[in-house]
1. Identify the single condition in (1) assigned to a strand (DSSP E or B); (2) under 15 Å from A:GLY42 (Cα atoms) that B:GLY40 does not satisfy, given that it satisfies every other one.
2. Looking at B:SER82, B:SER77, B:SER70, B:SER97, can you tell me which residue is in contact with a strand residue (DSSP E or B) (Cβ under 9 Å, 6 or more places away or on another chain), of a type outside the set (A, V, I, L, M, F, W, C) and modelled with pLDDT under 95?
3. Being farther than 17 Å from A:SER87 by Cβ, surrounded by fewer than 17 Cβ atoms within 10 Å (Cβ to Cβ) and at pLDDT 95 or above: is that true of A:SER58 here?
4. Please specify each residue of segment A:17-59 satisfying the condition of being in a loop (DSSP other than H, G, I, E, B) and in contact with a Gly (Cβ under 6 Å, 6 or more places away or on another chain).
5. Only residues that are in contact (Cβ under 8 Å) with a residue 12 or more places away in the chain and at the interface with chain B (Cβ under 7 Å from one of its Cβ atoms): list them for segment A:92-102, please.
6. Whether any residue in segment A:63-77 is in contact (Cβ under 8 Å) with a residue 60 or more places away in the chain and crowded, with 20+ Cβ neighbours inside 10 Å is what I want to check.
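The values are calculated or read from the model by the stated rules, or taken from the named source; none is laboratory data. Everything numeric here is computed off the predicted structure, so don't read it as measured data. Glycine gets a Cβ as well: all are built from the backbone with ideal geometry, and neighbour counts include every protein chain shown.
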Amino acid sequence: EAGVVQSPRYKIIEKKQPVAFWCNPISGHNTLYWYRQNLGQGPELLIRYENEEAVDDSQLPKDRFSAERLKGVDSTLKIQPAELGDSAVYLCASSFGGKRETQYFGPGTRLLVL
Amino acid sequence: KNEVEQSPQNLTAQEGEFITINCSYSVGISALHWLQQHPGGGIVSLFMLSSGKKKHGRLIATINIQEKHSSLHITASHPRDSAVYICAVESGETSGSRLTFGEGTQLTVNP
């Protein structure tokens, strides 16, 4: 069974440029999470989807970040415009349900903003 | 003060040693997760527990709900156990949950 797929694995952009990350969760997983992990820290939740509905986006910086999961399967996270402080690893995870379920993580996208 | 505190931040051990990593939390939780992160970013879930103790191979996780504390033990440690170990607590509304992560413990096991 394929795991959570993310692309690209690495991205280097200049500040003020847009960037997008893609995630395909494990087949059948209804819940999808986007996390941001800064160097030396634990991941922080950006947004959680239950199917196509964003049920927790309280920590998503909505002035520059947006996300979508139109068909309740794969998802895209966008930053426009990127800032230097956005340099981090962006992790996608999925789970079968929401509560007390193991989350399966993708390999992450490492973003460097110059 | 973070909601999830791990100790130690860094741990170096010799192969074969018994290792303990601690996690304390300050909020009510429905479950606690232990995860492992290898260089390159891949995160793997090791345990999810809400009471008592779980064991998988050389790994043992315990939780004390009253004291809001959990420990991850590794017996007969091996260099391949070198990784960052992250504690995360699950809390939230009945329809879903949010994980709050600790900052992780960097474990290095030397041969």
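1. Checking B:GLY40 against (1) assigned to a strand (DSSP E or B); (2) under 15 Å from A:GLY42 (Cα atoms), the one that fails is (1).
2. B:SER97
3. The answer is no for A:SER58.
4. A:GLY42, A:ASN51, A:GLU52 - these are the residues of segment A:17-59 that are in a loop (DSSP other than H, G, I, E, B) and in contact with a Gly (Cβ under 6 Å, 6 or more places away or on another chain).
5. Residue satisfying the conditions is A:GLY98 alone.
6. Within segment A:63-77, none of the residues are in contact (Cβ under 8 Å) with a residue 60 or more places away in the chain and crowded, with 20+ Cβ neighbours inside 10 Å.
Here's the yes/no breakdown for (1) farther than 16 Å from B:GLY102 by Cβ; (2) surrounded by fewer than 19 Cβ atoms within 10 Å (Cβ to Cβ):
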site: B:HIS33; (1), (2): no, no
site: B:HIS38; (1), (2): yes, yes
site: B:LYS53; (1), (2): yes, yes
site: B:LYS68; (1), (2): no, yes
